[in-house]
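Below: the structure, in structure tokens.
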Amino acid sequence: MLTEVSEHMAYEGLQPLLPLEAAAPLLSGGTDPAPLLASGFNWLKSVQVATAQAPSLEGLLKQCVTALEQTLTARFIYIWVFNPQSGLLELQIASETMPHPLFPERIPPGISIIGLTAQNQEPYVADQLSQTIWVAPADWIRQESLAAFGAFPLVAAGQLIGVLAFFRQQPMLPDLQQTVQWGAGMLASAIAFHRSKDALESRQETVLYRLASQIQNSLDLDTILAVAVQEIQDIFQIDRCNFLWCWTNLEGDSEAGSPAQPIIAITHEAKADTLNSLLGECSVEQVSVLAQKILTLSGIHTSDARCDDSLDEPTRQMLEAWGLQACLLLPLETRDGQLGAILCGHTSNQRPWSSAEIELLQAIADQVAIAINQAELHAQTRASAFAAQTQARQLSEALDNLKQTQTKLIQSEKMSSLGQLVAGIAHEINNPVNFISGNLSYAQNYFRDLTGLVERYQQHYPDPPADIQTYLEDIDLEFLLEDLAKLLHSMQVGADRICQIVLSLRNFSRLDEAELKPVNIHEGLDNTLLILHSRLKSKGERPEIEVVKEYGALPQVECFAGPLNQVFMNLLGNAIDALEEQPTPRRITVRTEAITLAVPDAGEIPGVRICIRDNGPGIPAAAQARLFEPFFTTKPVGKGTGLGLAISYQIIVERHQGSLSCFSHPGEGAEFILEIPTQRPSSS
């Protein structure tokens, strides 16, 4: 400890401590130390022991105060330390508390006896306190039986460190004063050392904290190494600091059988502006010197390369080529075996490297090694995450393709089954309906003939027999003739209605037409509404759903009629579902108009717009973004498959190269807007 103190004091410009044996002749005027006061000699010895052993400034001051109490029987011991930033003497320790505020905790130099002692850097001793009333109150001095007071400046290397003051109940003889003054000088040097040591440790903690923060925040190895070399240059006040990488070529020259040759490069640098840069790959000669040091983790440690006999000639020549007089090379190794080194150097003068500085540099090297490991782990993690994301994206795309294929298969099967079912039903109904409709005309003719016959009988036999008259009254002939005519007419209307429905079913299925052909959009809408007529009528307490048609003048549209009718069925069916619980009025508005569409690679082409709007509760904003996703539905379980809008979107966008969008606000209903070109673009 004492050796380290002396080394550090020499570095800071302080005078090394004088051994106790050498101090004794000075205290006694060159004579044997035996005549010295035993108490003073013990105090001096205690100060030296405390200086060498105290781990901290607080411990040092406590041991010195205890030594004063035990060896000099001192009382009311106070030690102030000068703070250069505030310019005040600040109280660090006091052995006893005085009843009177004689010595404040902060004292400006030049104020009071303590401040004057600090300013003049000369001790003040009052050996007869009863005659020095301004030091302390006389009654208090008599009460405590105090005889002497001393204030001693703490000065090291000509700089004010603080002030030591205390009282004694015995006189303070000149030899004792000289002993205390010498001990105060030792104490001042020790305080200066501890303060500089604390400052160094504080700077060490600061640089380590910065490096740790940089590692945590960026995990960028290049940034971390740049910060490390800059921090090392600042904290050690050196001319240059570099970081070296050492890579071992594991392959070597297989044909020649040559051993593996390392590659060493200087990658990061912090230097004085006047110095040349050392960045780049090292020469063969430099590699031969550095490789041995780095691979064996031995390093280079020299305060002056010019007169250091421990250096070999190649190392000395390398440092001379780099312009370094003092050099400290500290190798490091990461967990995965990567090698590097931190190079610190002075170019114009020697530089002693203290053990504290080497410990700090080793701590920084450890942090850099951790940074390299974490950066590599981070890079590997990012690579693994990227690979996982790529695989997940590929799986997601495959799943989407599978869903689309499944949706198309369901759509194709559904349309095929629906078309076959509708066509079969239409065919089966068509035969009996045609029979009924065809015979109704004959039945009406027969009825007219029979009615004419009855009228002629009534004209020629106005008074029929009683039996016939009674029968005529029972059957109410006049009502029968009138109502039978109406019945035949109603049957004719019903047969015509059935024929229209059969025709609508056949038109909806479009099984007997080409897949792509010009069609009348309004006819498809009307056929769909006719099929949904039963759902639009009032049922029980639910009122009728009003359908408002706002048809514009539309040209024939070249489209896939069957799939397009399925889109109308899905959109109108959803609108009816949305109005199930809606109070009056319940309204669906179907609006069509001719428009101009902007198609990529085709310019502006004619098209049509079909808008289907309901006044239902609307669609939540969160659900609107997913409306056209397969298997997504807002309907209760069992009432929706989530395929209707997805299939409709594919039919409009993919097969017709149009667009299908939805606009809705809660409480204001929903509107689906369908836009398709009247003719398929030639680019398709």
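The values are calculated or read from the model by the stated rules, or taken from the named source; none is laboratory data. Fair warning: this is a prediction, and the values are worked out from it, not measured in the lab. Note that each Cβ is placed from the backbone with ideal geometry, even for glycine, and that neighbours are counted across all protein chains shown. These accessible areas exclude ligands, DNA and RNA; they are computed on the full protein's heavy atoms, side chains included. Shrake-Rupley method; radii C 1.70, N 1.55, O 1.52, S 1.80 Å.
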Arranged from highest to lowest average of other beta-carbon atoms within 10 Å per residue, in what order do the peptides 383-394, 182-193, 320-331 appear? 182-193, 320-331, 383-394
Give me the three principal axis extents of segment 87-188 from the C-alpha atoms, as integers in angstrom, largest value leading. 39, 30, 22
Stretched out fully, how many nm does the piece from SER355 to THR66 gain, at 0.36 nm a residue minus the Cα gap? 101.0 nm
Take the alpha carbon gyration tensor of segment 434-506, find the square roots of its eigenvalues, order them as a ≥ b ≥ c, and report rounded if a/c is under 1.5; if not, report prolate when a/b exceeds b/c, else oblate. prolate
What is the projected area of the convex hull of the Cα atoms of segment 538-593, averaged over all directions, in nm²? 4.6 nm²
Rank-order 554-562, 272-280 by packing density, defined as the average count of other C-beta atoms within 10 Å over each peptide's residues, highest first. 554-562, 272-280
What whole-number value in Å² describes the accessible area per residue of segment 517-564 for a 1.4 Å probe? 52 Å²
Could you give the length gained by full extension between HIS522 and SER348, i.e. 0.36 nm per residue of separation minus their alpha carbon distance, to one decimal place? 53.0 nm
Tally up the carbon and sulfur contribution to the accessible surface of segment 312-414 as a whole percent, 1.4 Å probe, everything protein left in place. 53 percent
Under the rule rounded for a/c under 1.5, else prolate if a/b exceeds b/c, else oblate, using alpha carbon gyration tensor axes a ≥ b ≥ c, segment 271-359 is classed as rounded
What do you get when you divide the Cα radius of gyration of segment 63-141 by 2.2 N^0.38 Å, with N the number of residues? 1.14
Residues LEU102 and ASP366, FRET efficiency given R0 of 51 Å [Cβ-Cβ distance, rounded to 0.05]: 0.50
Stick to Cα atoms and the Kirkwood definition of Rh, then tell me Rg/Rh for segment 573-634. 1.10
Ranked packing of 583-591, 306-314, 224-232, 77-85, most packed first, by mean Cβ within 10 Å: 224-232, 77-85, 583-591, 306-314
Volume per residue that the Cα convex hull of segment 521-637 spans, once the total is divided by residue count, Å³: 143 Å³
